[in-house]
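Visitor: Quick one: structure below, then a few questions.
The values are calculated or read from the model by the stated rules, or taken from the named source; none is laboratory data. Everything numeric here is computed off the predicted structure, so don't read it as measured data. Here the Cβ is made from the backbone with ideal geometry for all residues, glycine too, and neighbour counts use every protein chain on show. Accessible surface is based on the protein model in full, side chains and every heavy atom, while ligands, DNA and RNA are left aside. Shrake-Rupley method; radii C 1.70, N 1.55, O 1.52, S 1.80 Å.
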Amino acid sequence: MPTWGMAIDLDRCNGCEACVVACRTENNVAPAGPEQAALGRTVEWMRVERHVKGEFPNVRTRFVPVLCVHCDDAPCVSVCPVSATYENPEGLNAQIHPRCIGTRACAQACPYTVRYFNWGTPKWDAPLEQTINPDVAVRWKGIMEKCTFCVQRIRRAKDNAREDDRPIADGDVQPACAQACSAEAIVFGDLDDPESAVSKLSESARAERPLEELGTGPRVFYLKEGDWRGSVGPQSSD
Amino acid sequence: MEALDRNQAIEDSLLRPVFQTSRKLWVVVAMLLAVIAYGGFQWAHQLKEGLIVAGMNQPVYWGLYLTNYVFFIGISHAGTLISAILRLTDAEWRRPITRAAEAITVFALLMGTSNVLWHLGRPELIYIPMLHPQPLSPLIWDVACISVYLMGSITYLYLPLIPDLALLRDRSPRLRWLYRWLSLGWQGTPKQHKLLDRAIGFMAVAIIPIAVSVHTVVSWVFAMTLVPMWHSAIFGPYFVVGAIFSGIAALLIAMAILRKAFHLEPFFRPIHFNNLGLLMLTMACLWLYFTFAEHMTVWYGNEPDEVAVLTSRLSGAFSTPFWTMITCCFVIPLCILSFKRTRTIIGTVIASCAVLIGMWLERFIIVISSASYPRSEFMHDGGLYSPALVEIALTAAQFACFALLYIVFAKLFPLVSIWEVKEGDQTELEAELTGTVEARL
């Protein structure tokens, strides 16, 4: 059984946010609209944070795509009173939408702030409703949602492999963000397979796991030269 | 003969508020109902639109509703804990105030837990945690402890009420069926008294660990996370101390109002305000000690994410509420309660109002400031939280509902335990008598 993980090369990321758009389209993440976005009600399973270091003219900006890091020992899982969030055997941190009662304890416990609440009913203004992906459930008001590592694509890849009667190969699964990344900064795959691209990248000397010191065991690796943690400048644009 | 007359006088003055209702009270009830109705209207709006109409956002997922939840559950420690401790230590002066305190417990607990209804994203599924609990979640610990506490405190309010219910059964012009049913055939025989004493004694002992557990697990909802300045080992005791502290303040204010409204001056005497005032002063010192220890360790440890929250409290976005809290919870009570001259009824009430405001602010600061500053590496630009109209309306409605429940209680049952006061009176008389006999010998 695979353990899914991701490597993001920050030195390649140019902050184009194609991953954000791709994720939104693939996973039926409704746009919040400018007013609600200004109030901090945006839902973005994938967002790009900007870390600005130094002062003009010696300024360096890092773009950091932030998504659920699918912790090995997730703080969000233990606090949920109704087991609406759980860790599946393949290492995905899954959210069961119908079970969620909306305590928001998971969101408050998550050190990465990557869980999103449906403050109101998600809506798509015409003609955007035509873009809704039939493979992914549309959520409703009052529940949490988050990145699934495009679990529908993982399922499809598994089905295809089973039909062809072969094991699932490295690169068979491409989450929407990885597929859309023109800089090829995002690599997804099986961390248990030592030959997979993501495994090799995760072993790299440039690799680091976010907030690893908390003991959460993230399955997303960031690759970079030098320290990317500067003073936090203006945050991601909504 | 004299003793009989005194008993009669005690009964009459304590039953009067139950039997007679002034017009002023109806006006107050109407106003409270208006506030509650407006809260209900706002809540209906929120049910329809979702929490989008409230002020919460990312990263402040928890707002005023949770603040009120913690605050009211804190208030609920007034009664049970104070009356249980005073009963166990056999403090004679407790007799007239225990019931007023125990009633606060039950109603504050009901108000506190009601916040879950508007806090949840899907309140229609509120029963799910009871059917399918995930036992590792501190929220489930809350559900368990609070339901035990609620049942316990209702029992603890009810038991000492039985002899008075029997009195009402015999003397009340209305609702006799209710009192007959509730008084469980109480006749006041020595055997019944012995049983009742034993039951009250048992509950007084049992309720103390339950009360302590309740506020401990409420604090663990925060402390069990890795959130900066929530993840703290002293949160359990810190919350319990704050709870008792605010509970005493609530009791003092309630006593002062009831005293005027229902002419209970002979029962809620200056000595009660003086003694409870001293107890509150002790708690103020203890509270400051905990607050200091909590903030000092963060400041010295200098962990950036923790310090971000600390700075927001000391000099940042939360500095006004923070320093108001310090003033209200410590400076004002210290100045008023330290001196016998100012430890009067008016003085203790002013100090209590300050403490209640301060303790509400403490809950607000703890919930909101940590939530506003998540670990900076991944912070999303959420903006600071400010409560929306629906949250303020529901907060006001809760306070109104609390007052209304109290009034309804006062109209159904005597607010001072008649039989216990009579018993105390008897002991006093006997003591006087033995005193004279001893003096003669």
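Visitor: Binning at 10 angstrom from zero up to the longest distance, how are the C-alpha pair distances of the protein assembly as shown distributed in percent?
Guide: 3, 14, 22, 21, 15, 11, 7, 4, 2, 0, 0, 0
Visitor: Write out the cysteines belonging to chain A for which the nearest other cysteine Cβ is not under 4.7 Å, or none if no such cysteine exists.
Guide: Cysteines lacking a close Cβ partner in chain A: A:13, A:16, A:23, A:71, A:80, A:100, A:110, A:150, A:181.
Visitor: Over segment A:4-223, what percent of the accessible surface lies on carbon and sulfur atoms, probe 1.4 Å?
Guide: 51 percent
Visitor: Over segment B:201-246, with the other protein chains present, what is the accessible area per residue in square angstrom, probe 1.4 angstrom?
Guide: On a per-residue basis, segment B:201-246 sits at 28 Å².
Visitor: Here's another thing I want to ask about it. Give me the dipole magnitude in Debye, nearest 20, for chain B about the Cα centre, with unit charges on the beta carbon: positive for Lys and Arg, negative for Asp and Glu.
Guide: 1120 debye
Visitor: Can you tell me the 0 to 90 degree angle between the C-alpha axis of helix B:270-301 and the longest principal axis of chain B, rounded to 10?
Guide: Computed tilt is about 20 degrees.
Visitor: Can you give me the Kirkwood hydrodynamic radius for segment A:44-197, using every pair of distinct Cα atoms, in Å to one decimal?
Guide: Radius from the Kirkwood sum: 17.8 Å.
Visitor: Any idea what angle helix B:235-261 forms with the longest principal axis of chain B, computed on alpha-carbon atoms, 0 to 90 degrees, nearest 10?
Guide: 50 degrees
Visitor: Counting only C-alpha contacts under 8 Å and six or more residues apart, can you give the relative contact order of chain A as a whole percent?
Guide: 32 percent
Visitor: How about segment A:46-88: which of its residues lose at least 40 Å² of accessible area in the presence of all protein chains relative to their chain isolated, using a 1.4 Å probe?
Guide: Listed in order, they are A:78, A:79, A:81, A:82.
Visitor: Can you work out the Karplus-derived ³J(HN,Hα) for every residue in segment B:138-149? Use 6.51 cos²θ - 1.76 cosθ + 1.60 with θ = phi - 60°, whole Hz, and x for glycine or proline.
Guide: Couplings: x, 5, 6, 4, 4, 4, 5, 5, 5, 5, 5, 5 Hz.
Visitor: Then there is this: Given a Förster distance of 25 Å, report the FRET efficiency between residue A:35 and residue B:37 from their Cβ-Cβ distance, rounded to the nearest 0.05.
Guide: The computed FRET efficiency comes out at 0.30.
Visitor: Here is a further query. Round to the nearest 10 and give me the degree value, 0 to 90, for the angle of helix B:64-75's Cα axis relative to the longest principal axis of chain B.
Guide: 30 degrees
Visitor: Accessible area of segment B:19-423 with a 1.4 Å probe: how many percent of it is carbon plus sulfur?
Guide: Of the solvent-accessible surface of segment B:19-423, carbon and sulfur hold 74 percent.
Visitor: Scale the Cα Rg of chain B by the rule-of-thumb value 2.2 N^0.38 Å and send over the ratio, two decimals.
Guide: 1.05
Visitor: Residue by residue through A:95-108, how many Cβ atoms from other chains fall within 10 Å of the Cβ on average?
Guide: Per-residue shielding by partner chains comes out at 6.
Visitor: With +1 on each Lys and Arg Cβ and -1 on each Asp and Glu Cβ, and nothing else charged, work out how big the dipole of segment A:78-232 is about its Cα centre, in Debye to the nearest 20.
Guide: That gives a dipole near 840 debye.
Visitor: Over 15 Å apart: what share of the alpha carbon pairs of segment A:54-103 falls there, rounded to a whole percent?
Guide: 58 percent
Visitor: Okay, next question. Residues of B:53-66, mean number of Cβ from any other protein chain within 10 Å of their own Cβ, rounded to a whole number?
Guide: Mean partner-chain Cβ count within 10 Å for B:53-66: 5.
Visitor: Further question: Could you give the distance between the Cα centres of segment A:188-215 and segment B:92-108, to the whole Å?
Guide: 60 Å
Visitor: Sticking with this one: Whole number please: convex hull volume per residue, Cα atoms of segment B:194-352, in Å³.
Guide: Residue-normalised Cα hull volume stands at 141 Å³.
Visitor: Please list B:355-362, B:289-296, B:416-423, A:124-131 highest first by mean number of surrounding beta-carbon atoms within 10 Å per residue.
Guide: B:355-362, B:416-423, B:289-296, A:124-131
Visitor: Can you give me the long-range amide H partners of residue A:49? Hydrogens built in the peptide plane at 1.01 Å from N, cutoff under 5 Å, separation of 5 or more residues or another chain.
Guide: Answer set, sorted by chain and number: A:64, A:66.
Visitor: Using a probe radius of 1.4 Å on protein heavy atoms only, what is the accessible area buried between chains A and B, both sides summed, to the nearest 100 Å²?
Guide: Using a 1.4 Å probe on protein heavy atoms, the buried area is about 3900 Å².
Visitor: Let me ask you something else. Can you figure out the FRET efficiency of residue A:213 with residue A:99, using R₀ = 25 Å and their beta-carbon distance, to the nearest 0.05?
Guide: FRET efficiency, residue A:213 to residue A:99: 0.20.
Visitor: So, for segment A:4-223, what is the accessible surface per residue at a probe of 1.4 Å, expressed in square angstrom?
Guide: I get 43 Å² per residue for segment A:4-223.
Visitor: Taking only DSSP H segments of four or more residues, each worth -39500 (n - 2.57), what value at 222 nm results for chain B once the sum is divided by all its residues, to the nearest 500 deg cm²/dmol?
Guide: -25000 deg cm²/dmol
Visitor: A follow-up question, please. Give me the accessible area of residue A:79, 1.4 Å probe, in Å² rounded to the nearest 10.
Guide: Here the accessible area works out near 10 Å².
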